[in-house]
Amino acid sequence: YNGMDEILNVKSAIAIEFFFISVTFDDGLIKVIDMKPMIKFGVSTALLNTNYFNNVKVENRYITWENGFDCCPVYLREL
């Protein structure tokens with residue numbers, strides 16, 4: 001992915017087990033992403049609660065949670 005000529009979108013995101021999310025991009029690529037390294041301080045610590053973590057959603061092409069913690073699709077793609 002070169003990121004220069006197109007806007008990358010997350011199509012869906014599903015918590016598949018604690019700290020892991022299956023992310024589907026609009027070009028069909030599916031990645032399983034370990035979110036634990038991103039949970040460090042501030043609003044991200046809410047994701048340490050399993051029920052909260054499982055409520056991941058896609059909003060404006062980002063994966064996000066109710067408290068506003070989100071991840072950019074380009075960053076997720078490059079992991």
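The values are calculated or read from the model by the stated rules, or taken from the named source; none is laboratory data. In this text, all values refer to a predicted model and were calculated from it rather than measured experimentally. Note: ideal-geometry Cβ built from the backbone for every residue, glycine included; neighbour counts use all protein chains shown. When the accessible area is computed, the model is the full protein with side chains, heavy atoms only, and any ligands, DNA or RNA have been set aside. Shrake-Rupley method; radii C 1.70, N 1.55, O 1.52, S 1.80 Å.
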proj_area_mean for the chain (convex hull on C-alpha atoms), units nm², value 4.9
Quick calc: nm separation of the 7 Å Cα→Cβ label points for Tyr52 and Cys72 -> 2.4
Compute the FRET efficiency between Asp34 and Asn9 as 1/(1 + (r/R0)^6), taking r as their Cβ-Cβ distance and R0 = 30 Å, and round to the nearest 0.05.
0.90
Glu17/Asn60 FRET efficiency (R0 25 Å; Cβ-Cβ; nearest 0.05):
0.45
Label Phe41 and Asp27 with points 7 Å out from Cα along Cα→Cβ: what is the distance between them in nm?
3.6
Solvent-accessible area per residue, Å², over the chain with all protein chains present [probe radius 1.4 Å]:
62
